[in-house]
């Protein structure tokens, strides 16, 4: 139930991020819907294909697509009248990343996979939609250029797994995991935090 | 049967479009075959993976690969002697888009999926091969830059679904759907039609 | 057994190539691990999804992920102190290409597929990881720009299949296939060999 709600909010915020990027690169209306859908379903689709969960989540339950359509349409109406708040793309993307990373980790965990696979599956579920969005609009994916992107996802998933193992209620573990990802990403952007770059090691 | 023929012609025209792009960016012979194959099988492979149809169409029936090889080789020979007609890339791409969009929609419909999923699956089947082709050759995908691309696909699929629901023979519905996509795309390019851009709304 | 070893070495060298590219484009530490993992598991994941082999190889056996982590970490430590040898990216990529191409071909062959599908599946398994790596770091994929890339893969797979058909031991056929790919790629880069470009045919 909580997982279902997370996925619904996740597709909505990723759809919003897709429209914001589409507007930024001057796509037309339907291109905007296409990029919104791609961003919103990319991560969960990869998760379901890799874990052999059929039918894929948005084929099983059409509500996801209606949520994407609604979120994208509302965003288009909004930006037609008002400029979007400064950091809205980063915030929408961070929220989608957080919700899908923890949802992907939960599903991998429920299938009995080991710690490393839970982390990787969560990270892939959280990041794939945004990667598709960025590659399709000819931008370098955030995960490869921005501050603490993969780091945030992994930190939140690890927090979630540990709290679960410690016996805390799932709701608490999930909430902390999501907040860690959101917090690390937003603070990293605000304060300009970053890990050492590879080429600066030498 | 008609579906099979559509898929065969679809892979052939997408293979042609792959070779044209490969020549445009100065790939070598085998790079051209690789791009032709990627463009031709991309959309149908995505369709089969998402709908869990195994074996994938080109694994089940090797005829597809021979058609791709033949279409790509003939195109290479042609462009070695004659310059390709001006709009050949747009026309080959539009034909592939039309055939695969309607074929993807038919298959989703036959599996009993709802209207929205039929439309989305058709659109993805029609556009994925061309997207792969463009991303791999470092071009912004047509769907995100060109006039009425997603629009054409969706209009044709909607026409096909409505005619089916009205009880017309499948052959008629399929033909109209394909012609709508082809027509919208070609007229949009000729007349420079386009939907409003997202950034111009404000 | 030999197949298992090939896959393990394959993921290791592709992980190394991912870190080298990540350092080249100034990614941070975790971005480097992400690109290493994407490069290392991309081809085999595509192979397993297309052939409907579940669980995917790295989900079935977590050893692959540990090998990737170790190879990526060692490479990061190495390049922190010493500049990598001049052609290390080309060599690591060629080795990964060779090992995964032959492994993909073997698996397709074991499933009883025809010659053309064995070749295509081998080529896709060998090249997909490197393509993902290059697209994600905004480079034109090697397969589409570099000397005898697809050619090397196909030559090695054909050699492997023929030697198998002639009744030679699998170990010999596999070794020759791998060496042909490695040899063709390395010699092509050293001597600047290439197939005719498509646009130069006319």
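To make sure I understand, if each residue's beta carbon is the centre and we count other beta carbons within 10 Å, what order do C:127, B:171 fall in, fewest to most? If you can, show how the numbers build up before the last one.
Numbers: C:127 28, B:171 9.
Arranged by neighbour count, lowest to highest, C:127, B:171 become B:171, C:127.
Please compute the alpha carbon radius of gyration of the protein assembly as shown, then divide it by the globular-protein estimate 2.2 N^0.38 Å. Two decimals is fine.
On the way: Rg = 23.4 Å, N = 606, 2.2 N^0.38 = 25.1 Å.
After normalising by residue count via 2.2 N^0.38 Å, the value is 0.93.
Starting with the fewest neighbours, write out B:186, C:77, B:21 ranked by other beta-carbon atoms found within 10 Å of each beta-carbon.
Details: B:186 17, C:77 11, B:21 24.
The fewest-first ordering by Cβ neighbours comes to C:77, B:186, B:21.
At what distance in angstrom do the alpha carbon centres of segment A:57-133 and segment C:1-77 lie from each other?
If we compute the Cα centre of each part, the gap is 25 Å.
Pick out which of B:187, B:69, B:148 has the largest mean-square fluctuation in a Gaussian network model of chain B, springs linking Cα atoms closer than 10 Å.
B:187
Per residue, what volume in Å³ does the Cα convex hull of segment A:2-200 take up? Don't skip to the end; give the middle numbers.
Numbers: hull volume 24.1 nm³, N = 199.
Hull volume over Cα atoms, normalised by residue count, gives 121 Å³.
For residue C:194 and residue B:165, what does the FRET efficiency come to when R0 = 56 Å and r is the distance between their Cβ atoms, rounded to the nearest 0.05? Working shown, then result.
Values: r = 54 Å, r/R0 = 0.97.
Working from the Cβ atoms, E equals 0.55.
Fewest to most neighbouring Cβ within 10 Å: what's the order for C:4, B:78, A:64? Present the calculation step by step, with values, prior to reporting the outcome.
On the way: C:4 13, B:78 16, A:64 25.
The most exposed by this proxy come first: C:4, B:78, A:64.
If each DSSP helix of 4+ residues adds -39,500 (n - 2.57) and the sum is divided by the residues in chain B, what number results at 222 nm, nearest 500 deg cm²/dmol?
On the way: 9 runs with 156 residues, N = 202.
Per the formula, -26000 deg cm²/dmol.
Over segment A:52-202, what is the mean sequence separation of C-alpha contacts under 8 Å (at least six apart), divided by residue count, expressed as relative contact order in percent? Don't skip to the answer; put the middle values down first.
Working: 138 pairs, mean separation 32.1, N = 151.
RCO, segment A:52-202: 21 percent.
Bear in mind that the values in this text are calculations on the coordinates, not laboratory data. Predicted, not measured: the structure shown is a model, and the values here were computed from it. Because the Cβ atoms are built from the backbone with ideal geometry, glycine has one as well, and the counts that use them run over all protein chains shown.
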